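Student: Pasting a structure here, questions to come.
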Amino acid sequence: MMDGVFEVPLPENEPVKGYAPGSPERAELHVALASIASEQLEVPVVIDGKPFRTGRLTEVAMPHDHAHVLATVHHATAADVNAAIEGALRVAPAWQALPFEERAAVFLRAADLLAGPWRMRINAACMLGQSKTCHQAEIDAACELIDFFRFNVAFARQIQAIQPRSVPGQWNRTDYRPLEGFVLAVTPFNFLSIAVNLAAAPALLGNVVLWKPSHTSMVGVWHCLQLLREAGLPDGVIQLIGGDGPEQGRAALASEHLAGIHFTGSTGTFRALYQGVASNLEHYRSLPRVVGETGGKDFIMAHASADADALATAIVRGGYEYQGQKCSAASRVYVPRSLWPAVSERVCAQIAELKIGDVTDYRNFLGAVIDERAFGRITGYQALAKESAKVLAGGGHDRSKGWFVEPTFVEVADPKHRLMQEEIFGPIVSAFVYEDAAWSDTLTLVDTTSPYGLTGAVFATDRAAVREAQDRLRQAAGNFYVNDKPTGAVVGQQPFGGARASGTNDKAGSLWNLGRWLSPRSIKETFVPARDWRYPFVG
Ligand code: NAD
């Protein structure tokens with residue numbers, strides 16, 4: 001037993017390593033890349049810490065070298081999912097009974113292991129498995145995940161400190177219970193940090209979790225699961241159930257013990273899960289919490305007072321980093337006619353300098369898109385651009401060795417073109433040129449053109465224009481940027497998420513998200529209770 005009001009460590013954002021030529025981190029990463037590339041992993045279903053090989057396999061290849069298989073992944077059957085639920089519910093009482101500090105210590109230790117001895121292994125797995133450059137892997141698999149682990153502990157502590165007032169004669173307390181049942185974490189391919197956090201955040205608060213990752217992220221996911229084990233996460237608290245999704249999702253949603261879904265991925269998948277929960281409602285012991293961060297059609301709105309260089313750089317970095325496969329990626333841009341010649345010329349010049357290829361060649365700014373399905377979808381949009389808009393840069397692709405798509409810059413004449421409305425999730429940015437005098441009407445266009453509401457940016461030096469855009473686009477983006485690209489949210493600095501078709505806006509990496517995995521209990525204790533039923537008024 002221990003008594004004490006323990007302070008949790010004050011989190012700082014993990015510094016981003018530079019990987020400059022000759023740096024020690026570059027040399028270490030080189031060794032880790034060789035090691036991950038030389039193994040062929042077999043990723044089992046993991047229930048109560050034990051591997052299960054179902055024999056229903058999917059291969060995971062490097063997106064930039066699709067002949068190179070990195071792993072085979074076993075798909076969980078409905079029976080595996082049920083066994084995972086039973087196992088998780090068995091370990092739940094012991095996990096919940098651990099004092100918060102002990103659970104927190106597991107994730108703080110994971111953060112320090114990842115910041116230190118595990119950093120290169122996990123960065124290398126992310127680079128090769130998800131085709132990220134060393135910078136993109138570093139800001140995702142290392143820094144953001146470390147930040148999630150550390151900041152979640154501090155945010156959870158802040159929540160616990162929110163306590164009701166007590167009046168003389170009584171003591172009121174709030175007990176922050178985990179949910180009763182299990183949380184299903186269904187996670188996307190594009191961010192390893194998000195994938196791990198969707199399972200880890202509910203677990204920190206005492207929940208037990210079934211984790212269904214995207215199979216294209218499985219190499220990184222597997223190493224992260226080993227990291228959590230080394231950090232001391234007890235078996236069964238996070239169960240790994242690989243697979244395509246529908247089969248595992250159906251089995252999990254059928255359980256009366258489903259307490260919540262923590263999802264990030266596409267809008268369509270989230271709606272299907274939400275629908276599944278809705279049609280099962282009378283069956284559940286508790287109404288499940290449904291939290292989902294989904295797609296985006298993120299905008300940059302430029303005013304005539306904008307700085308053309310800054311705007312062009314934001315379009316290039318915001319639109320093409322990680323091949324445009326960020327939910328926050330800039331993909332529709334509105335530029336006033338007076339600025340267009342300078343901006344389009346600078347964007348095209350910068351695109352001409354971007355190299356694309358194997359991510360282990362550090363000169364490359366873009367790797368490959370995740371898989372053949374994504375390649376087909378994105379090149380379909382390239383074809384649409386060629387037939388119905390003006391392709392100003394890029395437009396090509398090459399599937400011979402990897403799923404490579406050139407960064408593509410398009411000008412559309414119709415502001416409601418499909419390229420301005422639909423999430424492409426690839427390296428295509430479309431621009432609409434508006435007449436300078438139509439600034440105000442164009443704000444309406446930005447607000448009403450796509451169903452999403454995730455991220456957006458305004459570029460202007462005129463303060464009145466900044467203010468007007470902020471007001472008029474208030475519901476158009478959950479993360480709004482002024483004179484910056486709409487990507488790159490940092491835990492603790494810009495809590496992330498959007499509404500409309502972009503999700504429930506529960507702000508990953510914040511106190512609000514953690515609150516969804518808690519079911520507070522109010523406790524009132526009266527020190528000297530009444531002993532006579534009569535109130536004065538009956539006298
Ligand atoms: P996806 O929807 O294809 O898959 C997400 C997960 O859902 C995967 O694990 C998949 O296997 C699983 N799945 C698919 N169908 C399922 C079903 N019927 N039942 C249960 N699970 C199912 O998404 P993706 O391609 O992995 O990720 C890209 C999408 O994620 C984009 O739309 C992007 O905008 C979005 N995203 C959003 C955020 C955000 O914070 N808003 C962050 C990252 C990615």
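The values are calculated or read from the model by the stated rules, or taken from the named source; none is laboratory data. This structure is a prediction, so every number in the text was calculated from the model and none was measured. Note that we place each Cβ from the backbone using ideal geometry, even for glycine, and neighbour counts take in every protein chain shown. With ligands, DNA and RNA removed, areas are computed over all heavy atoms of the protein, side chains included. Shrake-Rupley method; radii C 1.70, N 1.55, O 1.52, S 1.80 Å.
Student: It is to be established whether one or more residues within region 446-465 are over 15 Å from residue 415 (Cβ atoms) and without any contact (Cβ under 8 Å) to a residue 40 or more places away in the chain.
Tutor: There is at least one residue in region 446-465 that is over 15 Å from residue 415 (Cβ atoms) and without any contact (Cβ under 8 Å) to a residue 40 or more places away in the chain.
Student: Here's another thing I want to ask about it. Among the listed residues 85, 139, identify the single one that is open to solvent by 40 Å² or more (accessible area, probe 1.4 Å), assigned to a helix (DSSP H, G or I) and among the β-branched types (Val, Ile, Thr).
Tutor: Result of the check over 85, 139: 139.
Student: So in region 326-339, with the set limited to residues that are more than 23 Å from residue 126 (Cα to Cα) and in a loop (DSSP other than H, G, I, E, B), which one is least open to solvent (accessible area, probe 1.4 Å)?
Tutor: Quick first cut of region 326-339, residues more than 23 Å from residue 126 (Cα to Cα) only: 331-339.
Filter once more, so that each one left must be in a loop (DSSP other than H, G, I, E, B): 337-339.
Details: 337: 112, 338: 76, 339: 21 Å².
The selected residue is 339.
Student: Further question on the same structure: Of the residues in region 349-387, how many are more than 21 Å from residue 315 (Cβ to Cβ), small (Gly, Ala, Ser) and over 22 Å from the mean Cα position of the chain (by Cα)?
Tutor: Final tally of qualifying residues: 4.
Student: If you don't mind, there's one more thing I want to ask. Quick test of your reading of the structure: residue 282 fulfils all but one of (1) farther than 19 Å from residue 194 by Cα; (2) not basic (Lys, Arg); (3) not in a helix (DSSP H, G or I). Name the failing condition by number.
Tutor: Unmet for residue 282, out of (1) farther than 19 Å from residue 194 by Cα; (2) not basic (Lys, Arg); (3) not in a helix (DSSP H, G or I): (3).
Student: Tally the residues that are part of a strand (DSSP E or B), away from the ligand (no atom under 16 Å from the Cβ) and more than 17 Å from residue 287 (Cα to Cα), restricting the search to region 508-531. Reasoning before the result, please.
Tutor: Kept after step one, since they are part of a strand (DSSP E or B), are these residues of region 508-531: 508, 518-526.
With the extra rule that they be away from the ligand (no atom under 16 Å from the Cβ), the set shrinks to 518-526.
Right, trim to more than 17 Å from residue 287 (Cα to Cα) and you get 522-526.
Adding up the residues that qualify gives 5.
Student: Residue under question is residue 108, and the condition is that it be closer than 29 Å to residue 143 by Cβ, open to solvent by less than 30 Å² (accessible area, probe 1.4 Å), of a type outside the set (Ser, Thr, Tyr) and within 25 Å of the chain's Cα centre (by Cα); does it hold?
Tutor: For residue 108, the condition - closer than 29 Å to residue 143 by Cβ, open to solvent by less than 30 Å² (accessible area, probe 1.4 Å), of a type outside the set (Ser, Thr, Tyr) and within 25 Å of the chain's Cα centre (by Cα) - is not met.
Student: Only one of (1) under 30 Å from residue 142 (Cα atoms); (2) in contact with an Asp or Glu (Cβ under 7 Å, 6 or more places away or on another chain) fails for residue 461. Which number is that?
Tutor: All conditions pass for residue 461, except number (1).
Student: Here is a further query. Quick one: is residue 65 under 21 Å from residue 121 (Cβ atoms) and acidic (Asp, Glu)? Please lay out each step first, then the result.
Tutor: Numbers: under 21 Å from residue 121 (Cβ atoms): yes; acidic (Asp, Glu): yes.
Against the criterion (under 21 Å from residue 121 (Cβ atoms) and acidic (Asp, Glu)), residue 65 qualifies.
Residues checked against (1) within 16 Å of the ligand (Cβ to nearest atom); (2) assigned to a strand (DSSP E or B); (3) open to solvent by 60 Å² or more (accessible area, probe 1.4 Å):
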position: 432; (1), (2), (3): no, yes, no
position: 439; (1), (2), (3): no, no, no
position: 442; (1), (2), (3): no, no, no
position: 445; (1), (2), (3): no, no, no
position: 461; (1), (2), (3): no, no, yes
position: 464; (1), (2), (3): no, no, yes
position: 470; (1), (2), (3): no, no, yes
position: 476; (1), (2), (3): yes, no, no
position: 481; (1), (2), (3): yes, yes, no
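Student: While we're on this one: Given region 39-80, what strands (runs of 3 or more DSSP E) lie entirely inside it while holding 3 or more residues that are assigned by TED's automatic domain parsing to the domain that holds residue 131 and of a type outside the set (D, E, K, R)?
Tutor: Details: elements: 41-43, 45-47, 50-52, 57-62, 65-74.
Correct list: 45-47, 57-62, 65-74.
Student: For region 373-394, indicate whether the set of residues that are surrounded by fewer than 19 Cβ atoms within 10 Å (Cβ to Cβ) and part of a loop (DSSP other than H, G, I, E, B) is non-empty.
Tutor: no
Student: If you take the residues of region 289-313 that are assigned to a strand (DSSP E or B) and among the aliphatic types (A, V, I, L, M), which of them is farthest from the ligand (Cβ to nearest atom)?
Tutor: Looking at the filtered set, the residue picked out is 302.
Student: On to the next question. Give me the pairs: first residue in region 14-30 and at positive phi, second residue open to solvent by 60 Å² or more (accessible area, probe 1.4 Å), beta-carbon distance under 6 Å, and six or more apart or on different chains, which are they?
Tutor: Listed pairs, sorted by first residue: 19/26.
Student: With the condition kept exactly as written, say whether any residue in region 17-28 is within 24 Å of the chain's Cα centre (by Cα), within 24 Å of residue 120 (Cβ to Cβ), of a type in the set (D, E, K, R) and part of a loop (DSSP other than H, G, I, E, B).
Tutor: yes
Student: Can you pull out every residue in region 278-288 that is surrounded by fewer than 16 Cβ atoms within 10 Å (Cβ to Cβ) and within 22 Å of the chain's Cα centre (by Cα)?
Tutor: none
Student: Then there's this: Where residues in region 210-242 are more than 14 Å from the ligand (Cβ to nearest atom) and of a type in the set (A, V, I, L, M), which of them is nearest to residue 118 (Cα to Cα)?
Tutor: Out of the qualifying residues, it is 227.
Student: Between 350, 323, 275, which is away from the ligand (no atom under 16 Å from the Cβ) and either surrounded by fewer than 24 Cβ atoms within 10 Å (Cβ to Cβ) or touching a residue at least 60 places away in the same chain (Cβ under 8 Å) (or both)?
Tutor: Result of the check over 350, 323, 275: 350.
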